[in-house]
Every structure is written in structure tokens, then in C-alpha cells.
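J.: Following this message is one structure expressed as C-alpha cells.
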Amino acid sequence: MKSATDIAAIRGSPQDVLAWAVEQFHPRLALACSFSLEDVILVHMLQAIRPDMRIFALDTGRLNEETFECAEALRRRYGVKIEWHFPDREDVERLEREQGLFSFRESLEARHACCHIRKVVPLARALTGLQAWITGMRREQSVTRTELRQVEVDVVHGGITKLNPLADWTTDEVWAYTREHKLPYNRLYDSGYASIGCAPCTRAIQAGEHPRAGRWWWENPEHKECGLHVRHTKR
Ligand code: SF4
């Protein structure tokens, strides 16, 4: 097994990193897909490396219709099977019965509680048995991601390897690749959305606003993670 130092030294083009990951970890490797531009790019790149690569997605129960449409477009274009994971039914029922439907706007703690039930717990389930997972995260996306590496040790999830092949890419590069390959994308991007999560916690941004400004817009920038990508990773 490679040490955290060895892993941090692994760098290359996104395709090189994906090919290395497939060689090292398949079939105990999966792509976490939220149908962002970045995730669609990774699905496209993986078709040339490992078309039967596992892809999982979290259906939080609060996603936009446009996100499901993008998921279907992806499934039809590539014939991929998407492993959907849902939150625990009893946890959601308890949350909504006791706190209402928009408790996440009331405090940071309440927001984290909702993200925990709808995202963090299902993610942990999706990662069970894996040695590594792939995300579409990029450094440019958020003040919480400025130290992101292409390959990291994910201490939060038991020390498995976390791959962020597009860590270095800019937004312009992402759009250029999407257009060059005519990839399907969530049509909310055409309505001013720059980062897309759950419907009630995401809005379009204005010109000049940071791309993550539309996520949990009532919170400070340093709080804008949902618990899926907490960085207690070794580098
Ligand atoms: S993004 Fe909003 S609706 Fe989705 S899980 Fe988090 S708090 Fe709940």
C-alpha cells in the first residue's frame, strides 16, 4: 500500500490519474456523481479507460428536476448504470415531522443535520467496501478547496484513497471540454447556476459572484461544504 506521501506525489492529466486509479483499485473504485459539469467530464473520460466503471449518486429527496434529466441523458448516452443511494426513510420522516421542511435555513447546525441525513450517511453507505473514490472537485470552486490535491488519503472515510483528477482545472477548461465533446449538462447552468446541489439550497448567481455563492447563500463562505468533502485528508 502506498503511503500518504507517495499518494500526494501522484500527479498527471485527469486521464492519467483515472487510468492509474483503475489499475490500482478497480473494481473497488467508484465515481461519486452529482451530475455537475465536472462529473459528466469524468464519466466521459472513463468510457475510454473502463466503461463499466462504477458510478454512484445520492438522491437526497430535494434535487432539482433538471438534475434528474441530466442523469438520464448521461445514462442514455453512455449506457452507464447509476447506483442511486437514498437517505434512511425513518431519519427523513423524523426530521420533517419534527423540524419541518426548511429547517436547514434556521441555523448552521440545522443545515448540517439535514445534510448529514440526506448526504453524509448515504455517502458512507456508498463508500462501504471501496478502496478509492473519484470526485469532480476543483481547487477553484471554493475557499474550502484551495489545498485540494489530485490524489489524497481520505481519513474521514477510513483512509481510503480520494481522487480529484480535475483539481487543477479552471472553469473555462471545464466548459471548453464540455463544448468540445458536446457533453450533456444540467440545463440549470444556462439559467445562471454555477454550482448545483439540492433545490432549496441552491440559487443562480449574479455576474461577478463567486461560483459557490449560490450554495447555502445565507451562510459564510468557509461553511459551504455539506459534509461530503470534509478535508481531514493527509497530504
Ligand atoms: S443541501 Fe440543503 S436540502 Fe440538501 S441535504 Fe443539505 S441542507 Fe438538506
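J.: Run the simple label-point estimate for His210 and Glu69 please: 7 Å along Cα→C-beta, distance reported in nm.
T.: Modelled inter-label distance: 3.0 nm.
J.: Of Lys119, Lys162, Lys81, which is the most mobile in a GNM of the chain whose springs link Cα atoms less than 10 angstrom apart?
T.: Lys81
J.: Using only the alpha-carbon atoms, how far is helix 37-47 inclined from the longest principal axis of the chain? Give it as 0 to 90 degrees, nearest 10.
T.: With rounding to tens, the tilt is 30 degrees.
J.: Could you work out [θ]222 nm for the chain from helices alone, using -39500 (n - 2.57) per DSSP H run of at least four and dividing by all its residues? Round to the nearest 500 deg cm²/dmol. If you can, show how the numbers build up before the last one.
T.: Values: 8 runs with 78 residues, N = 235.
The per-residue figure over the chain is -9500 deg cm²/dmol.
J.: Follow-up question, since we're still on this one. In vacuo Debye scattering of the chain, one point per C-alpha: log10 I(q)/I(0) at q = 0.07, 0.09, 0.17 Å⁻¹?
T.: Cα-only, vacuum Debye calculation for the chain: -0.21, -0.36, -1.41.
J.: Which FRET efficiency value, to the nearest 0.05, do you get for Trp217 and Asp52 by plugging their Cβ-Cβ distance into 1/(1 + (r/R0)^6) with R0 = 35 Å? Don't skip to the end; give the middle numbers.
T.: Values: r = 39 Å, r/R0 = 1.11.
My answer for the efficiency is 0.35.
J.: Could you size up the charge dipole of the range 4-223 around its Cα centre, putting +1 on the beta carbon of Lys and Arg and -1 on that of Asp and Glu, and report it in debye to the nearest 20?
T.: On the way: 28 positive and 32 negative charges, 67 e Å.
Around 320 debye, computed over the range 4-223.
J.: Let's test the formula: R0 of 25 Å, r as the Cβ-Cβ distance of Arg77 and Ala176. What FRET efficiency results, to the nearest 0.05? Write down the numbers at each step before the final one.
T.: Numbers: r = 19 Å, r/R0 = 0.77.
E between Arg77 and Ala176, to the nearest 0.05, is 0.85.
J.: Follow-up question, since we're still on this one. Measure off 7 Å from each Cα along the Cα-to-Cβ vector at Asp91 and Ser103, then give the distance between these two points in nanometres to one decimal.
T.: Output for this residue pair reads 1.3 nm.
A short reminder: the numbers here are calculations on the coordinates, not readings from a lab. Worth saying up front: this structure is predicted, and the values here are computed from it rather than measured. Using ideal geometry, Cβ is built from the backbone for each residue, glycine included, and neighbour counts are taken over all protein chains shown.
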